[in-house]
Amino acid sequence: MSLFIRLYRPCPSLGLALILTAVGVSAQEAAPPLLSLSAALQRAAEQNPGLAAQGYSERAAEALIEQAGFRPNPTLDVSLENFAGTGAFRALDGVETTVGASQVIERGGKRAKRVALAGREREATAKEFAVHRAEILAASAAAYIDVLVAQQRLALAGEPLKLARETVAAVDTRVKAAVASPAEAARSRAALASSQADYARAEAGLVNARAALAATWGGSTADVSTVAGTLQIPSELPSEDAFLAKLAAHPRFELQQAVIAGRRASLELARSQATQDVTVSGGVRFLREGSDAAFVAGVSVPIPFRNKNQGNIRAAREMLAGAEQSVRTVEVELRVAFTAAWQDLAAAHAAALNLRREALPATEEAYAAVRSAYEQGQLPLIDVLDAQRSLVALRRELLDAEAAYAAALARAEALTDPSFTALTALITRS
């Protein structure tokens, strides 16, 4: 019987069966339900606590539209004259009572402009929600990739651990048979301890990754069992131009346009407030002699001698200019973020393909040769362990490159396609 079992030749990703074996799930037990990327994104969109809280802001904005449409309330005026004086005006003998009402009549279209401003602010609130939603989906996609990679890291850690256990048993047998030295047994136990530590770290990493993913919808680690999908880097990069063509549809552009519309509406309202309102009043005055009464009426208009609302108008104009200038800032920031993501994507793509096509076959061949030489008594155990570590390290490096590619693709799509079409195709590729 061979001392070492042959390491599995790396496929584009380690299958679900290997993952379940690595975590010690019995074949008789029912497999846990798989969580797909689309399901994770849907949970985040529907259950994220931050998005739920922001929904109240939209309803508050709707209430402000209703409030903006109300006209000023009329005012009831009751006044008493000619009482508590001297002579004929002692006590209430000469009192005159006037009962009237006044109404402010708004001019300059203030009410319509208030409603327009409130409506623009509601639109801005909705666009803010869209931006926040896109950020949550991007975080959920990135967390999903982390879980997928953590699962594969755990599976990778399980292979050396299994080999190390078999090696310890085989070397102990050889030592008892006096065909191996106690030093080889010590080396095999040290390799086992190292593999156990690596496996424990991989387990902890998977738990942390699951917790981060569940947090995107306000859940717990128990909500995430095993995520579905594999990582297989395509032979060619996707079209950069196709991504860039969608960059202008990012929610931040729509939000900035909504902010500009709100600033413009605010300027129009400030200008309308320079127009003075008219107050119309009327009522009945009851005279002090007998039961005589007379009507009274009046009109009052403020004289715009000093305050013409010029300060508020200028402030609104400057805020509008700043909002318009910020469109260019948003464009630059998004392009810089996309360029960085695309460069990372291209670098990870080149590294992954090089490792898979060149480095990995050579390392596997070297490991097989060293193992065969050891089994024939031509090399010591330490050479086999070194070759094994080199192969495991290379597979981890390959997984890191594939993970970097997926993460960069998620960042690029977060800026261009919030449905993550390309990422979904990547992790479901057969």
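Among the residues making up the range 94-131, those that are under 39 Å from the mean Cα position of the chain (by Cα) and among the hydrophobic types (A, V, I, L, M, F, W, C) are A112, V115, A116, L117, A118, A124, A126, F129, A130, V131. Does E397 count as in a helix (DSSP H, G or I) and either farther than 30 Å from L161 by Cα or among the aromatic types (F, W, Y) (or both)? Judged against the criteria, E397 is not a match. Taking G262, is it buried (at least 20 other Cβ atoms within 10 Å of the Cβ), closer than 24 Å to T421 by Cβ and among the small types (G, A, S)? So G262 does not fit the description; no. Could you list all residues from the range 199-222 that are closer than 20 Å to L37 by Cβ, crowded, with 16+ Cβ neighbours inside 10 Å and at pLDDT below 90? Answer for the range 199-222, where residues must be closer than 20 Å to L37 by Cβ, crowded, with 16+ Cβ neighbours inside 10 Å and at pLDDT below 90: G219, T221. A residue that is out of contact with any Phe, Trp or Tyr (no Cβ under 9 Å at 6 or more places or on another chain), surrounded by 14 or more Cβ atoms within 10 Å (Cβ to Cβ) and among the β-branched types (V, I, T) occurs somewhere in the range 307-319.
Within the range 373-406, restricting attention to residues that are at pLDDT 85 or above and not aliphatic (A, V, I, L, M), the residue that is nearest to A193 (Cα to Cα) is S390. Just a yes or no: is a residue in the range 87-105 aliphatic (A, V, I, L, M), modelled with pLDDT of 90 or more, touching a Ser or Thr at 6+ places or on another chain (Cβ under 6 Å) and surrounded by 17 or more Cβ atoms within 10 Å (Cβ to Cβ)? Taking every residue of the range 87-105 in turn, none turns out to be aliphatic (A, V, I, L, M), modelled with pLDDT of 90 or more, touching a Ser or Thr at 6+ places or on another chain (Cβ under 6 Å) and surrounded by 17 or more Cβ atoms within 10 Å (Cβ to Cβ).
When R187, R201, R210, R252 are checked against the criterion of being of a type in the set (K, R), over 30 Å from T329 (Cβ atoms) and in contact with a Leu (Cβ under 8 Å, 6 or more places away or on another chain), a single residue qualifies: R187. When the range 257-311 is filtered for residues that are out of contact with any Gly (no Cβ under 7 Å at 6 or more places or on another chain), farther than 19 Å from G108 by Cα and not in a strand (DSSP E or B), the ones remaining, listed by number, are Q257, A258, V259, I260, A261, L287, E289, G290, S291, D292.
Restricting the first member to the range 312-330 and to residues that are in contact (Cβ under 8 Å) with a residue 60 or more places away in the chain, and the second to residues that are part of a helix (DSSP H, G or I) and among the charged types (D, E, K, R), the beta-carbon pairs closer than 7 Å and six or more apart or on different chains are L320/R263; L320/R264; A323/R263; V330/R252. Pairs linking a residue in the range 65-85 that is surrounded by fewer than 11 Cβ atoms within 10 Å (Cβ to Cβ) to a residue that is among the β-branched types (V, I, T) and outside any helix (DSSP H, G or I), with Cβ atoms under 6 Å and 6 or more positions apart or on different chains, are V78/V99. For the range 269-290, a residue qualifies if it is of a type in the set (D, E, K, R), in contact with a helix residue (DSSP H, G or I) (Cβ under 8 Å, 6 or more places away or on another chain) and buried (at least 16 other Cβ atoms within 10 Å of the Cβ), and exactly one does: R271.
Each row is one residue, and each column tells you yes or no for (1) touching a Pro at 6+ places or on another chain (Cβ under 6 Å); (2) closer than 30 Å to L267 by Cβ; (3) of a type outside the set (A, V, I, L, M, F, W, C).
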site: E333; (1), (2), (3): no, yes, yes
site: A341; (1), (2), (3): no, no, no
site: H349; (1), (2), (3): no, no, yes
site: L355; (1), (2), (3): no, no, no
site: Q378; (1), (2), (3): no, no, yes
site: A387; (1), (2), (3): no, no, no
site: Y405; (1), (2), (3): no, no, yes
site: A414; (1), (2), (3): no, no, no
site: A425; (1), (2), (3): no, no, no
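Of all the numbered requirements in (1) surrounded by fewer than 20 Cβ atoms within 10 Å (Cβ to Cβ); (2) closer than 30 Å to P251 by Cβ; (3) in contact (Cβ under 8 Å) with a residue 12 or more places away in the chain, H349 misses one, and that requirement is (1).
Would you call A293 without any contact (Cβ under 8 Å) to a residue 12 or more places away in the chain, surrounded by fewer than 17 Cβ atoms within 10 Å (Cβ to Cβ) and under 30 Å from T428 (Cα atoms)? Answer is no for this residue. Answer yes if at least one residue in the range 167-182 is in contact with a helix residue (DSSP H, G or I) (Cβ under 9 Å, 6 or more places away or on another chain), in a helix (DSSP H, G or I), modelled with pLDDT under 80 and crowded, with 20+ Cβ neighbours inside 10 Å, and no otherwise. So far as the range 167-182 goes, yes, one or more of its residues are in contact with a helix residue (DSSP H, G or I) (Cβ under 9 Å, 6 or more places away or on another chain), in a helix (DSSP H, G or I), modelled with pLDDT under 80 and crowded, with 20+ Cβ neighbours inside 10 Å.
A quick yes/no check of all residues on (1) closer than 26 Å to A401 by Cα; (2) of a type outside the set (A, V, I, L, M); (3) over 47 Å from the mean Cα position of the chain (by Cα):
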{"position": "A215", "(1), (2), (3)": "yes, no, no"}
{"position": "A222", "(1), (2), (3)": "no, no, no"}
{"position": "V227", "(1), (2), (3)": "yes, no, no"}
{"position": "A249", "(1), (2), (3)": "no, no, no"}
{"position": "R271", "(1), (2), (3)": "no, yes, no"}
{"position": "V278", "(1), (2), (3)": "no, no, yes"}
{"position": "P304", "(1), (2), (3)": "no, yes, yes"}
{"position": "Q310", "(1), (2), (3)": "no, yes, no"}
{"position": "E318", "(1), (2), (3)": "no, yes, no"}
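This table checks each residue for (1) closer than 27 Å to A404 by Cα; (2) assigned to a helix (DSSP H, G or I); (3) β-branched (V, I, T).
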{"position": "S326", "(1), (2), (3)": "no, yes, no"}
{"position": "A337", "(1), (2), (3)": "yes, yes, no"}
{"position": "A350", "(1), (2), (3)": "yes, yes, no"}
{"position": "L353", "(1), (2), (3)": "yes, yes, no"}
{"position": "E358", "(1), (2), (3)": "yes, yes, no"}
{"position": "V370", "(1), (2), (3)": "no, yes, yes"}
{"position": "Y374", "(1), (2), (3)": "no, yes, no"}
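The values are calculated or read from the model by the stated rules, or taken from the named source; none is laboratory data. Only a predicted model underlies this, so the values are computations on that prediction, with no experimental measurement involved. Virtual Cβ from ideal backbone geometry, glycine too; neighbours counted across all protein chains shown.
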